[in-house]
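Participant: One structure coming up, written as structure tokens, with questions to follow.
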Amino acid sequence: MATAKENKDDVEPDMVYTKELRAATKDVHKLSDVLVNAKFAFALSDDTVWADGLLSFYEIYKFLENNLTEELLPKELHRVKEFEKDFDYFVGENWRDTYEIRPAVKKYLEHLEEVNKKSKILLFAYAYQMYMALMSGGQLLQKKRMMARKLWPDKQENIQEQIDSEKPSNPDDLTTRPMPLQVPICPDGCAATYFPEKISDLKAKLRTILNKHYVNFDEQTKADFIEESRNVFIYNSDVVRSVKGVNRANIRKLAIVVLFFVSIYFAIKLARR
């Protein structure tokens, strides 16, 4: 008779290689997170900034979906049609008429072309990080954005408690990391980050694919895979820097905050007269 632990191991993919890869990319991952948080501090609720952020990464997801088989990138993870649905909403159905690939994305695509010629499994290094990002940080960013736009179905104080509870006590221990609260609804403009399937199941599929191949890597292939996994964050950071409208949105939001506190200051001053 199988024990509870044996049954759990049958369902959940082994975390050994996932943890090894995470440790190897930890420094560049952190730098990328700092850049995103600094750049989008006040701009997440701005539709123009959000749309341009999606648009900046659209070609990357499109390339991965066009060049990886379902064995390496399951169809239920594909996002291109969802990205395009969001663009139709934010920009209009004629968005392709004025759309141009920005220089940072062209550079990224050129590198992906080179990687694709070398090895599909090295290209999978990009898919693994990019789709995990949508199912982790993407969920958190969308939740915060939906809260700011009053679209979240739960009470504001409840969702903030849930967001706070998702912060891991030990970021390096993947076995104890809480799952990000999955975005449960898909209002207009939210398709890119909405997954109808359980995100925990989708992540498990990606980890299973990673483990299946990683265990058979020789030392050179492992080194190459880790290098490309690190490159994901380096190229992503360049693309994030290209997102338009962030400074304008941040300044506007900051001005509103300053005006709010100035108003309070004068209200208190008048009340004391």
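Participant: Checking Gln162 against (1) closer than 20 Å to Tyr128 by Cα; (2) modelled with pLDDT under 70, which single condition isn't satisfied?
Facilitator: Tallying (1) closer than 20 Å to Tyr128 by Cα; (2) modelled with pLDDT under 70, Gln162 fails exactly one: (1).
Participant: Being closer than 27 Å to Lys117 by Cα, assigned to a helix (DSSP H, G or I) and open to solvent by less than 60 Å² (accessible area, probe 1.4 Å) is the filter here, so list the residues in region 65-83 that pass it.
Facilitator: Here is the first cut: in region 65-83, the ones closer than 27 Å to Lys117 by Cα are 65-81, 83.
If we keep only those that are assigned to a helix (DSSP H, G or I) as well, we get 65-67, 75-77, 80-81, 83.
Across region 65-83, the qualifying residues are Glu65, Asn67, Glu76, Leu77, Val80, Phe83.
Participant: Name the one entry in Lys198, Lys203 that is at pLDDT 90 or above, charged (D, E, K, R) and open to solvent by less than 30 Å² (accessible area, probe 1.4 Å). Break it down stepwise before answering.
Facilitator: Values: Lys198 fails: open to solvent by less than 30 Å² (accessible area, probe 1.4 Å).
After applying the criteria, what remains is Lys203.
Participant: Residue check, Arg241 against (1) at pLDDT below 95; (2) open to solvent by less than 70 Å² (accessible area, probe 1.4 Å), all met but one. Which one?
Facilitator: With (1) at pLDDT below 95; (2) open to solvent by less than 70 Å² (accessible area, probe 1.4 Å) applied to Arg241, the lone miss is (2).
Participant: Among the residues of region 91-114, is any open to solvent by 40 Å² or more (accessible area, probe 1.4 Å), closer than 18 Å to Leu206 by Cβ and in contact (Cβ under 8 Å) with a residue 60 or more places away in the chain?
Facilitator: The first filter runs over region 91-114 and keeps only residues open to solvent by 40 Å² or more (accessible area, probe 1.4 Å), leaving 91, 93-94, 96-101, 103, 106-107, 110, 113-114.
Filter again for closer than 18 Å to Leu206 by Cβ, leaving none.
No; the residues of region 91-114 include none that is open to solvent by 40 Å² or more (accessible area, probe 1.4 Å), closer than 18 Å to Leu206 by Cβ and in contact (Cβ under 8 Å) with a residue 60 or more places away in the chain.
Participant: Turning to a different aspect of this structure: List, please: which pairs have Cβ atoms under 8 Å, are six or more places apart or on different chains, and start with a residue in region 10-26 that is more than 13 Å from Ala204 (Cα to Cα) and end with one that is at pLDDT below 70 and open to solvent by 70 Å² or more (accessible area, probe 1.4 Å)?
Facilitator: Pairs that qualify, where the first residue is more than 13 Å from Ala204 (Cα to Cα) and the partner is at pLDDT below 70 and open to solvent by 70 Å² or more (accessible area, probe 1.4 Å), are Lys19/Asp172; Arg22/Asp172; Ala23/Asp172; Lys26/Asp172.
Participant: Considering every residue within region 80-98, establish whether at least one is among the basic types (Lys, Arg), at pLDDT below 95 and under 20 Å from Asp238 (Cα atoms).
Facilitator: No, the conditions are met nowhere in region 80-98.
Participant: Hey, can you tell me all the residues within region 88-123 that are charged (D, E, K, R) and part of a helix (DSSP H, G or I)? Outline the logic, then answer.
Facilitator: Keep residues of region 88-123 that are charged (D, E, K, R), which gives 88, 93, 96-97, 100, 102, 106-107, 110, 113-114, 117-118, 120.
The answer is Asp88, Arg96, Asp97, Lys106, Lys107, Glu110, Glu113, Glu114, Lys117, Lys118, Lys120.
Participant: Another one. If I filter region 124-156 down to residues being among the polar types (S, T, N, Q) and not in a loop (DSSP other than H, G, I, E, B), which single residue comes out as modelled with the lowest pLDDT? Talk me through it step by step, then tell me what you get.
Facilitator: First, pick out the residues of region 124-156 that are among the polar types (S, T, N, Q): 129, 136, 139, 142, 156.
Then keep just the ones that are not in a loop (DSSP other than H, G, I, E, B); that gives 129, 139, 142, 156.
On the way: Gln129: 95, Gln139: 87, Gln142: 85, Gln156: 50.
This residue is Gln156.
The values are calculated or read from the model by the stated rules, or taken from the named source; none is laboratory data. Here the structure is a predicted model, which is why all the values come from computation and not from measurement. Positions of Cβ are generated from backbone atoms using ideal geometry, with glycine treated the same way; all protein chains shown enter the neighbour counts. Each accessible area value is taken on the protein alone, full model and side chains, heavy atoms only, with ligands, DNA and RNA left out. Shrake-Rupley method; radii C 1.70, N 1.55, O 1.52, S 1.80 Å.
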